[in-house]
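Undergrad: Take this structure, written in structure tokens, and hold onto it; I'll ask about it next.
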Amino acid sequence: MALDDVLLDAEEKMIKSEQHVEHEFSGVRTGKASPALVENIQAEVYGAMMRIKELANISVPESRMLMIQPWDQGSVGPIEKAIQKANLGLNPAVQGKFIRIVLPDLSTETRQKFVKTVKAMAETGKVAIRQIRRDALEALKKEGKSGGVSEDEVETAEKEVQKLTDQYIAKLDAHLATKEKEIMTV
């Protein structure tokens, strides 16, 4: 594996880590409604566990309301139960073929709890990025020992890996700051 391949592989993995953390953030409640709050909740339908996004259309008609429209009328009850069991503090209301969820105001205490949650998610992402850096540095050292690559080239590549690491950790910090602001905005 060439030095460039190691760098590209490391950057690709860091991009995936960043995207994963962003996706995790989307599932944390803010003052506004988002389909991501409920789309991955599992409901037992047709004798199998399925995610709500596979069973229904989820829309946001107002900033603090979710509307879930199951494609099959028979899955309304199981979806409602799954949302209640998910323990998100959401209260689904069945209205014929629809399930409406009005998001209650978040208390300051709840907002602070959510901020702690997203900070933990961001830290997990940073740990993953640092692990990618560690793996890339090991791969670069192996390249240097196997010969065909000068020490200067390995050193330059190691600095590049560190730059990537710093860049992606800074991106996670920026995403975290944005999400914190969203959560704390009343």
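The values are calculated or read from the model by the stated rules, or taken from the named source; none is laboratory data. These figures come from a predicted structure and were not determined experimentally. Neighbour counts are summed over all protein chains in view; Cβ atoms, including those assigned to glycine, are modelled from backbone coordinates with ideal geometry.
Undergrad: Does region 61-77 hold any residues that are over 16 Å from residue 36 (Cβ atoms) and out of contact with any strand residue (DSSP E or B) (no Cβ under 9 Å at 6 or more places or on another chain), and which are they?
TA: Hit for region 61-77 is 73, nothing else.
Undergrad: Let me ask you something else. Could you identify the single residue in 110, 156, 124 that is touching a residue at least 40 places away in the same chain (Cβ under 8 Å) and either in a helix (DSSP H, G or I) or over 25 Å from residue 59 (Cα atoms) (or both)?
TA: Of 110, 156, 124, the one residue that is touching a residue at least 40 places away in the same chain (Cβ under 8 Å) and either in a helix (DSSP H, G or I) or over 25 Å from residue 59 (Cα atoms) (or both) is 124.
Undergrad: Let me ask you something else. Give region 1-54 a look and list any residue that's aliphatic (A, V, I, L, M) and under 25 Å from residue 177 (Cα atoms), or say none.
TA: Kept after step one, since they are aliphatic (A, V, I, L, M), are these residues of region 1-54: 1-3, 6-8, 10, 14-15, 21, 28, 33, 36-38, 41, 43, 45, 48-50, 52.
Matches in region 1-54: 10, 14, 15, 21, 28, 33, 36, 37, 38.
Undergrad: Say we look at region 14-42 and pick out the residues that are at pLDDT 90 or above and crowded, with 18+ Cβ neighbours inside 10 Å; which of these is farthest from residue 102 (Cα to Cα)?
TA: It comes out as 14.
Undergrad: Could you check, for region 3-22, whether at least one of its residues is in contact with a helix residue (DSSP H, G or I) (Cβ under 9 Å, 6 or more places away or on another chain) and either among the aromatic types (Phe, Trp, Tyr) or part of a strand (DSSP E or B) (or both)?
TA: no
Undergrad: Would region 41-51 turn up any residue that is assigned to a loop (DSSP other than H, G, I, E, B), within 30 Å of residue 153 (Cα to Cα) and touching a residue at least 40 places away in the same chain (Cβ under 8 Å)?
TA: Within region 41-51, none of the residues are assigned to a loop (DSSP other than H, G, I, E, B), within 30 Å of residue 153 (Cα to Cα) and touching a residue at least 40 places away in the same chain (Cβ under 8 Å).
Undergrad: In this structure, does residue 149 turn out to be assigned to a helix (DSSP H, G or I), surrounded by 12 or more Cβ atoms within 10 Å (Cβ to Cβ), out of contact with any strand residue (DSSP E or B) (no Cβ under 6 Å at 6 or more places or on another chain) and aliphatic (A, V, I, L, M)?
TA: no
Undergrad: Got at least one residue in region 108-116 being surrounded by 15 or more Cβ atoms within 10 Å (Cβ to Cβ) and out of contact with any helix residue (DSSP H, G or I) (no Cβ under 9 Å at 6 or more places or on another chain)?
TA: no
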